[in-house]
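Engineer: Supplied in structure tokens, the structure appears directly below.
Every number here is computed from the coordinates shown, using simple stated rules; none is lab data. Bear in mind that the values here come from a model prediction, so they are computed numbers and not experimental data. Don't worry about glycine lacking a Cβ; one is built from the backbone with ideal geometry, like all the others, and counts go over all protein chains shown.
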Amino acid sequence: MKRIAGCLLLCLAMATAFAQAPQNAPVQPPAGAAELLDDARPLGQGEMRWFGLKLYDATLWASGGRYRPEGGFALSLRYARDFDGVRLARASIDEIRRLGERDEAKLARWQSVLEGVFPNVKAGDVITGVKRADGSARFFHQGKGLPAVDDRALSDAFFAIWLDPRTREPALRERLLAEAGGSR
């Protein structure tokens, strides 16, 4: 009986240590952010829900821990559900349109570009978008590079979905920009 109780206590102690380890361990930036940003540090994180359903967890990373809208940051999304890549591209264009882009020819071109970038994702998959200081964007799915977006206007519009003050989810934006002072 003592042996079983000792074993249970040891298991409980190990489980507690493992549960606390990620909180104390240094946070590693995702693929893409680690390679393309100098001294990538997390600024904030939050989850996106739609009608109560969790869609993804988001984390914003920035060079030197300083957010600059023009570039030098990464947005990482860990999906909670399966999504078709074409659906992700269309939803992105819908949000860009909602934020004010009215040139339908441009939106059609951008949708085609994004459809070529985004793969189908499964629950647990991570896509990280890195906005570089030159305005381009590089995307990674599960650590593997995806086609680049070299169009600054598309890159700006895409990241505005989460980071523009007019975002559909201002509470998520505030959580993402938490360490940057929130409402930049």
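Engineer: Taking LYS131 as the anchor, which aspartates and glutamates have their alpha carbon closer than 16 Å to its alpha carbon, excluding any fewer than eight residues away along the same chain?
Structural biologist: Correct list for LYS131: GLU35, ASP38, ASP39, GLU70, ASP150, ASP151, ASP156, ASP164.
Engineer: Computed from the mean reciprocal separation of all distinct C-alpha pairs, what Kirkwood hydrodynamic radius does the range 30-180 have, in Å?
Structural biologist: This gives a value of 15.2 Å.
Engineer: What does the net charge come to around PRO29 if you take all other residues with beta carbon closer than 10 Å to its beta carbon, with K and R at +1 and D and E at -1?
Structural biologist: -1
Engineer: Further question: For a protection proxy built on the mean count of beta-carbon atoms within 10 angstrom, sort 66-79, 159-172 highest first, please.
Structural biologist: 66-79, 159-172
Engineer: Please report the antiparallel percentage of DSSP beta bridges with both residues in the range 30-180, rounded to the nearest 5.
Structural biologist: Approximately 100 percent, going by the DSSP bridge assignments.
Engineer: Would you kindly derive the ³J(HN,Hα) couplings of the range 131-148 from the backbone phi angles with the Karplus curve 6.51 cos²θ - 1.76 cosθ + 1.60 (θ = phi - 60°), listing them in order in whole Hz, with x for Gly and Pro?
Structural biologist: Each residue's phi maps through the Karplus curve to give 9, 8, 4, 7, x, 6, 10, 10, 10, 9, 10, 6, x, 9, x, 10, x, 7 Hz.
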